[in-house]
Number of protein chains: 2
Amino acid sequence: MTTLYGYFRSSAAYRVRIALNLKGLAHDQAPVNLVKGEQRGEANLARHPQGLVPSLVTDDGLVLTQSLAICEYLDEVHPEPALLPADPAGRARVRALAQLVACEIHPLNNLRVLKYLVGELGADEVTKLAWYRHWVAEGFQALEAMLSREAGSGDFCHGDTPTLADLCLVPQVFNAERFECDLSAYPRIRRITTNCRALDAFARAAPGAQPDAG
Amino acid sequence: MTTLYGYFRSSAAYRVRIALNLKGLAHDQAPVNLVKGEQRGEANLARHPQGLVPSLVTDDGLVLTQSLAICEYLDEVHPEPALLPADPAGRARVRALAQLVACEIHPLNNLRVLKYLVGELGADEVTKLAWYRHWVAEGFQALEAMLSREAGSGDFCHGDTPTLADLCLVPQVFNAERFECDLSAYPRIRRITTNCRALDAFARAAPGAQPDAG
């Protein structure tokens, strides 16, 4: 059985959960508790030398890391429904939207970075929150602009079916809501998120619906 | 003519330069001076709403952002020489190695983040350097482990020809050297970097070889 090693609140694991659900792939979930530090334990490091989640171990023992690489793998091996459009220009647009979240927002705001801010830099709660919200705002302003002005946008980030871009967007919005970021300036982001959340594959992937949700 | 909007020291632009060179694609280079703030100017924002580099404008007017999305686009439209292996497992490995750099190291250490550390958080030079080196060490330790223990590694990150992973690795090593990170614990990373740098496509993409090099 394919096993996803993740954590209910990890937005990178959340992306993979959505992909698995959209494609209807049966899988086990094995929680790695990030708050308890299990990601730095021997078992997780053997799968993921960087001590992060998610990793996906396939039926045939392949160990995959990095959420976007995992989603692209799933899309290549189980092509339907497609997470990327067929045309190279559309694929480039979807990947760029996904990477705007995965390379420009999320890496700055994940747990290990917030811990470094507080621990090594002595940041207080207000400073930490301001940091978090700053990078969400920087990224979402750009994302909103791209979604508003580019012809490829539809009910979802690209067209009228969910793609890799939506898999990144929805977990990022969940995190932004958790940190009480003001999302009023991003109507397009909010509308697409609402459309995604109405789908069973997204609803079942939500952090609160996971077995390890605290 | 295809035009790359970049900056000599931007490691994301550097990745795209290597891809263009490997594939032998003629292109113009249009510098966007990040130190002068040109990335926040109207002309660049029209191409790249996030105010970053690189963006690539193709012959037929397509505007592409996000370096990995651009490289995958080039690989799909100009398949030879391939930047990704043919098998899904190999492709997943190469993407994971690339994303280890592009999602876990580089985003924490780019110019806008270092500026925030110094400006908003009041970090001094020592604190900024420690931050920089911390994220390089975290990432390179994991990358070295993966390159050492995984069968896919060869003269390059994956096998004996350059892939998307090497396109990310070499610019990151360049930056790490610039910030005087100790790379002695990463012999595999150093050997692969040496092999890459021996190739003309990598040498011509190096920051010091660019028209806007200061």
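The values are calculated or read from the model by the stated rules, or taken from the named source; none is laboratory data. Only a predicted model underlies this, so the values are computations on that prediction, with no experimental measurement involved. All Cβ positions, even for glycine, are placed from backbone atoms using ideal geometry, and neighbour counts span all protein chains on display. All accessible areas refer to the heavy atoms of the entire protein, side chains included, with ligands and DNA or RNA removed. Shrake-Rupley method; radii C 1.70, N 1.55, O 1.52, S 1.80 Å.
Worth pointing out:
- Residue within the stretch B:73-87 that is more than 8 Å from every other protein chain (Cβ to nearest Cβ) and under 26 Å from B:A213 (Cα atoms) present: yes
- Those residues of the stretch A:47-103 which are open to solvent by 10 Å² or more (accessible area, probe 1.4 Å), farther than 21 Å from B:S67 by Cβ and of a type in the set (S, T, N, Q), in sequence order: A:T58
- Condition met for B:A137 (modelled with pLDDT of 95 or more and either crowded, with 20+ Cβ neighbours inside 10 Å or facing chain A (nearest Cβ under 8 Å) (or both)): no
- Inclusion of B:T161 among residues that are among the hydroxyl-bearing types (S, T, Y), farther than 16 Å from B:R17 by Cβ and loosely packed, with under 15 Cβ neighbours inside 10 Å is not warranted.
So that you can scan it fast, the table gives a plain yes or no per residue for (1) outside the structural domain of A:L20 (by TED's automatic domain parsing); (2) closer than 30 Å to B:Y116 by Cβ; (3) among the charged types (D, E, K, R):
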site	(1), (2), (3)
A:H134	yes, yes, no
A:L143	yes, yes, no
A:M146	yes, yes, no
A:T161	yes, no, no
A:A165	yes, yes, no
A:Q172	yes, yes, no
A:A185	yes, yes, no
A:T193	yes, yes, no
A:D212	yes, no, yes
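- Filtered residues of the stretch B:167-191 (kept if open to solvent by 40 Å² or more (accessible area, probe 1.4 Å), in a helix (DSSP H, G or I) and over 26 Å from B:E38 (Cα atoms)): B:P187, B:R188, B:R190, B:R191
- Single residue of the stretch A:192-205 satisfying the filter (surrounded by 13 or more Cβ atoms within 10 Å (Cβ to Cβ) and not small (G, A, S)) that is farthest from A:A165 (Cα to Cα): A:R204
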